[in-house]
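Here's the structure, in structure tokens; my notes come after.
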Amino acid sequence: VAAFNIGSVVNACGTRARTLAAECGWDSHPVVPRKRYVFQVQCPEWVHDYRKGAFYPPIEAAHRPMPLTVDPNGVWVRPEGVGFLCGVSPAVDPDVAYDDFNINHDSEGLYMDVVWPTLAARVKGFESLKLVSTYAGHYEYNTTDQNGIIGLHPSASNVYYINGFSGHGIQQSPAAGRAVAELLTEGCFKSIDLQRMSPKRFEAGNLLFEKNVV
């Protein structure tokens with residue numbers, strides 16, 4: 001093991017953030033890997049656009065301007081290529097190893113019992129969705145309040161955190177990256193005051209719950 005003299009450390013390790021945090025003296029860092037399945041589907045039927053009262057053939061329907069759509073039960077869907085991507089958080093959601101990307105047998109039940117029935121009820125034409133492929137990825141899941149962690153280590157003046165976004169990382173990364181850059185170069189937030197997202201909130205009990213985790 002080599003020793004380095006450094007000015008600052010930024011913990012941007014995602015699902016492995018807890019490992020580095022422990023090495024820096026924070027054993028209770030709340031970020032863990034949680035597995036999520038993504039299902040690639042295609043729709044062989046024409047799809048009804050209720051806004052325009054029109055039906056679109058399968059390939060054209062996949063290219064219509066459809067936003068990421070989330071059902072109240074947490075099932076989500078969005079266009080991708082000539083089909084759609086969809087998924088849902090599982091009811092049983094254990095921590096997994098950071099390198100566990102296996103497709104387990106429970107993924108088929110998750111699609112058939114939860115995802116497909118929800119989409120079939122939500123969009124006319126989705127009754128005939130065909131599952132093309134499945135892959136697994138990870139959320140860097142904040143088990144305490146499911147929100148991002150941005151700021152200085154609770155007891156170290158040169159260790160910064162930017163992780164724990166629980167599935168919102170790609171959406172929030174531009175602002176989060178700028179915030180940490182400002183902390184490093186200016187010593188404080190300049191563009192957006194993100195003090196509420198500091199790691200110090202856990203010890204102080206000022207939790208910032210994110211209720212829209214899908």
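Among the residues of the stretch 128-145, which ones are of a type outside the set (Val, Ile, Thr), farther than 12 Å from Cys86 by Cα and touching a Leu at 6+ places or on another chain (Cβ under 9 Å)? Hit for the stretch 128-145 is Asp145, nothing else. Please determine whether any residue of the stretch 100-110 is closer than 27 Å to Glu23 by Cβ and of a type outside the set (S, T, N, Q). Yes: one or more hits.
Taking only the stretch 156-183 into account, find how many residues are touching a Cys at 6+ places or on another chain (Cβ under 8 Å) and not in a helix (DSSP H, G or I). Full working, then the answer.
Narrowing the stretch 156-183 to residues touching a Cys at 6+ places or on another chain (Cβ under 8 Å): 156, 159, 163, 182.
With not in a helix (DSSP H, G or I) added as a condition, the list becomes 156, 159, 163.
Going through the stretch 156-183 one residue at a time, the tally reaches 3.
Taken together, the residues in the stretch 93-141 that are free of Cβ contacts under 8 Å to residues at least 60 places away in the same chain and charged (D, E, K, R) amount to 6.
For Ile103, the criteria (1) among the aliphatic types (A, V, I, L, M); (2) in a helix (DSSP H, G or I); (3) more than 17 Å from Val75 (Cβ to Cβ) hold in every case but one, which is (2). Output yes when any residue across the stretch 52-67 is in a strand (DSSP E or B) and at pLDDT 85 or above, and no when none is. There is no residue in the stretch 52-67 that is in a strand (DSSP E or B) and at pLDDT 85 or above.
Yes or no, residue by residue, for (1) among the acidic types (Asp, Glu); (2) open to solvent by 20 Å² or more (accessible area, probe 1.4 Å); (3) over 30 Å from Ile6 (Cα atoms):
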| residue | (1), (2), (3) |
| --- | --- |
| Leu85 | no, no, yes |
| His105 | no, yes, yes |
| Asp113 | yes, yes, yes |
| Pro117 | no, yes, yes |
| Phe126 | no, no, yes |
| Lys130 | no, yes, yes |
| Tyr160 | no, yes, no |
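Among the residues of the stretch 90-103, the one identified as surrounded by 12 or more Cβ atoms within 10 Å (Cβ to Cβ) and out of contact with any strand residue (DSSP E or B) (no Cβ under 7 Å at 6 or more places or on another chain) is Pro90.
The set of residues in the stretch 180-212 that are crowded, with 17+ Cβ neighbours inside 10 Å, farther than 17 Å from Gly14 by Cβ and free of Cβ contacts under 8 Å to residues at least 60 places away in the same chain comprises Leu183, Phe189, Leu194, Ser198, Arg201.
Selection of the stretch 161-206 for residues being acidic (Asp, Glu) and touching a Lys or Arg at 6+ places or on another chain (Cβ under 9 Å) yields only Glu182.
The values are calculated or read from the model by the stated rules, or taken from the named source; none is laboratory data. Small disclaimer: the values here were computed from a predicted structure and weren't measured. Using ideal geometry, Cβ is built from the backbone for each residue, glycine included, and neighbour counts are taken over all protein chains shown. The area values use the complete protein model at the heavy-atom level, side chains included, leaving out ligands, DNA and RNA. Shrake-Rupley method; radii C 1.70, N 1.55, O 1.52, S 1.80 Å.
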